[in-house]
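Here is the structure we will look at.
The values are calculated or read from the model by the stated rules, or taken from the named source; none is laboratory data. As the structure is a computational prediction, the values presented were derived from the model and not from experiment. Cβ placement follows ideal geometry from the backbone for every residue including glycine, while neighbour counts extend to all protein chains displayed. Each accessible area value is taken on the protein alone, full model and side chains, heavy atoms only, with ligands, DNA and RNA left out. Shrake-Rupley method; radii C 1.70, N 1.55, O 1.52, S 1.80 Å.
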Amino acid sequence: MDYEMDLEPTGPQVTVREAEPLRVDFRLSSVDLAFANSLRRTILAEVPTLALDLIEIESNTSVLPDEMLAHRLGMIPLNSNNCDDLDYTRDCDCEDHCVRCSVTLSLHARCGSGIMSVYARDLVVVGERVNETIGNPVVNDPEQKGPLICKLRKGQEIKMTCLAKKGTAKEHAKWAPTAAVGFEYDPNNNLRHVDYWYEQDAAKEWPVSENAAWEPANGPDQPFDYDAEPHTFYVDVESIGMLEPDMIIQQGLIELQRKLATTVSVLSGEGEDGHAGGMEDADMMGANDPDAYEPPEGIDGNMTSYGNGAASAWGASAQTPYGATPYGQSSYGF
């Protein structure tokens, strides 16, 4: 006797709907909202890339101030393929910077006559680097010029040395690998997570997105399931050229795995004091840092300076550099 069984897929399922050199649109299913949103946030803020971080200006006779010119240079996207080969400067053993944690670029342009436009293509990598492509300015326009840096008139000159470092978008937006990350679930609003404001007819004033064609809408007579949860998500990742879209997603997954592994390790590890995390947690919180905060003398570590009527760090009614404390006569005479 033969039996037919419909086996539902187990684990996350990905359906790539559109793929372009700088954009990918895919459908992520069989996952919960927490995972999908964590991946989105990781892609936006924690995928490491390369960007100009230190600008040493030797000469600038253009109309742009040094600060504005440095800001424009910092926002130029740089090739960040195989960025894992590069160390963070804060983790490197060198005193200032070296080939293991930075890429050096130079920019020198002088206008002889008329008006001269300086583009990202004029940035030149100098010295050694960890691989052959990292640090190159991203140039995707048909003219192969890249973003405009500034314009010079006759006799004007800019000359500078730029240091590119590894970082993430949660430190500064210049390290962001994406221009935008589209994220949508439940396009037909079957779960009623959205309450549309409307004047006359919500269906006419709020047209559904193109993603609505990928899943059925509940009928008007279908009973509402209060326990239903989203499990299908529509993600649209647009790269700015530092990394290819598929690499951005892969790096996002890697960073998410690292964060989860660190969390599991800290929560499950046993330290010297017998508590979860032990001395490692103390180091991460800065408790063993010689520069960490130390309470003033006279405060018992077993209770706060305000608990059980204890005196403040200055003592009741003591004079502080700003006048008396709130426990006694204040500097305002109250």
Before we move on, is residue 24 within 21 Å of the chain's Cα centre (by Cα), closer than 29 Å to residue 210 by Cα and part of a loop (DSSP other than H, G, I, E, B)?
no
Please work out if residue 140 is in the same structural domain as residue 41 (by the TED database), out of contact with any strand residue (DSSP E or B) (no Cβ under 8 Å at 6 or more places or on another chain) and in a loop (DSSP other than H, G, I, E, B).
no
Looking at this structure, is residue 238 among the charged types (D, E, K, R) and either open to solvent by 60 Å² or more (accessible area, probe 1.4 Å) or part of a loop (DSSP other than H, G, I, E, B) (or both)?
yes
Expected output for the range 40-52 (first residue modelled with pLDDT of 95 or more, partner among the aromatic types (Phe, Trp, Tyr) and open to solvent by less than 10 Å² (accessible area, probe 1.4 Å), Cβ below 9 Å, 6+ apart or cross-chain) is 40/233
Tell me which of these residue 27 doesn't satisfy, since it passes every other one: (1) modelled with pLDDT of 95 or more; (2) outside the structural domain of residue 115 (by the TED database); (3) within 24 Å of residue 125 (Cβ to Cβ).
(3)
Qualifying positions in the range 190-212 - within 32 Å of the chain's Cα centre (by Cα) and aliphatic (A, V, I, L, M)
191, 194, 208, 212
Is it fair to say residue 197 is outside the structural domain of residue 236 (by the TED database), open to solvent by 60 Å² or more (accessible area, probe 1.4 Å), farther than 30 Å from residue 124 by Cβ and hydrophobic (A, V, I, L, M, F, W, C)?
yes
When the range 59-95 is examined, which residues are found to be among the acidic types (Asp, Glu), part of a loop (DSSP other than H, G, I, E, B) and either in the same structural domain as residue 238 (by the TED database) or open to solvent by 90 Å² or more (accessible area, probe 1.4 Å) (or both)?
93, 95
